[in-house]
1. Lys/Arg Cβ at +1, Asp/Glu Cβ at -1, dipole of the stretch 64-163 taken about the Cα centre: which of LEU115, SER87, MET158 is farthest positive-ward?
2. Taking 1 over the mean of 1/r across every pair of different Cα atoms in the stretch 252-384, what Kirkwood radius in Å do you get?
3. Take each of the peptides 324-337, 253-266, average the number of other beta-carbon atoms within 10 Å over its residues, and list them starting from the highest.
4. If you average the sequence gap of Cα pairs under 8 Å that are 6 or more apart and divide by the length of the chain, what percent do you get for the contact order?
5. Can you put SER271, SER121, SER37 in order, fewest other beta carbons within 10 Å first?
6. Determine, for each peptide in 233-240, 29-36, the mean count of other beta carbons within 10 angstrom over its residues, then list the peptides with the highest first.
7. Could you give the alpha-carbon Rg of the stretch 347-396 over 2.2 N^0.38 Å, rounded to two decimals?
8. By Kyte-Doolittle mean hydropathy of at least -0.5 and Cα axial length of at least 20 Å, which whole DSSP H helices of the chain are selected?
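Derivation of every value follows stated rules applied to the coordinates shown; laboratory data play no part. None of the values given here were measured: they were computed from a predicted structure. All Cβ positions, glycine included, derive from the backbone under ideal geometry; neighbour counts span all protein chains shown.
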Amino acid sequence: MLSKAFIPYGGYYSTPFARWQGTLANENAITLGAETSARWLTQKKWDPKMFDYLILGLTVGQPKMFYGGPWASALIGSVDTPGLLISQACSTGTTGVYQAALGIETGLYTNCYTLFVDRCSNGPHTVWPNPQGPGGQVVSENWVMDHFSLDPWGGTAMIQTAENVAKEAGISREQCDELTLRRYEQYTDALKDGRTFQKRYMIPAEVKLSRKKSIAVEADEGVMETSAEGLAGLRPVLPEGVITFGSQTHPADGNCAVVVTTDERAKELSSDPKVSIQVVSYGYHRTKKAHMAMAVVPAAEMALRNADIEAADTAVIKTHNPFAANDIYMAARMKIDVNGFNNYGSSLIYGHPQAPTAARLIIEGIEEVVLKGGGYMLFAGCAAGDTAGALVLKIT
């Protein structure tokens, strides 16, 4: 259990998530994230040089990523701040926040900036020489599509892992469709009253078209209108499966950031000093081969155990749910109401840029707890390689 790491209220943002091959498809995720951060810090009237370390989360290769951490620091205006690059698939945001919290807990950092960026669009292709290849053939890899399609250890596509769990747990097509509709309805709650909820944490992503012209992505791009009839009319992605293109997430682009600091500094930076956001605990797990969704439950239970609470003690639960079956499995195993968590949105609906995904969900969870008057927030989500990460925050 941690006791010294805090997040200032309002010390975070997320851009909207843009659909795959959409408006952000040609932007370097690192420079776009840094430019967004610099604009946000200016709006907050915060000096970027106050950060003594930067953690950059990135999972899809971008030009010049070798220099990622310190380059991002310099671009946000913190030119003397070192940084590192971390990558843990969909758990990147969870682990990045926790690594920053560990640095605060041990006194290694006093004020850490965590920036999570990714662009699934136009994914890079890596080419290696193949000395055994006749005629100068090469070995190549598509960083996005190849990774979705095959886990080199598990031997299957990611969607197959969800189908494996659904089959073992007895999850039906009808359950997946019903939950997808519920998650869509929860997301639309965040759009009410002119997107009041989303505007608590969201800022536009800006794309420069020329020196004088730019466009802003103000809201999520790529969310599909969902109905029971529409879902019922979709075919399973895999033969005899329960997951359709409606009940799985879609690749996306975007970025977000979270400041992790000391209690004293958090009070100074907070937009409401009466709100305290403490990073309490972390959990992780790796489950059996090709059953990724199962890893979430032990990871969540570990985080709850390390916080000395139970699921029933939480005010808010958020999950990364690339497939509807994930939430159905988790709810059944942890004996929680599957319709009662992921209020205001989840990655199943608004997409999955990978590194920023968990961090946006954590940010949304914070805001929901504040609206409820305080309590514990649990985030849990799966990641590639049949792994998962979880985080508990206490908001008072």
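1. Going by the Cα projections, it comes out as LEU115.
2. 15.6 Å
3. Those peptides, ordered most packed to least, come out 253-266, 324-337.
4. 28 percent
5. Ranked by crowding around the Cβ, least crowded first: SER271, SER121, SER37.
6. Result, highest mean Cβ count within 10 Å first: 29-36, 233-240.
7. 1.22
8. TM-like helix candidates: 29-44, 92-106, 355-372.
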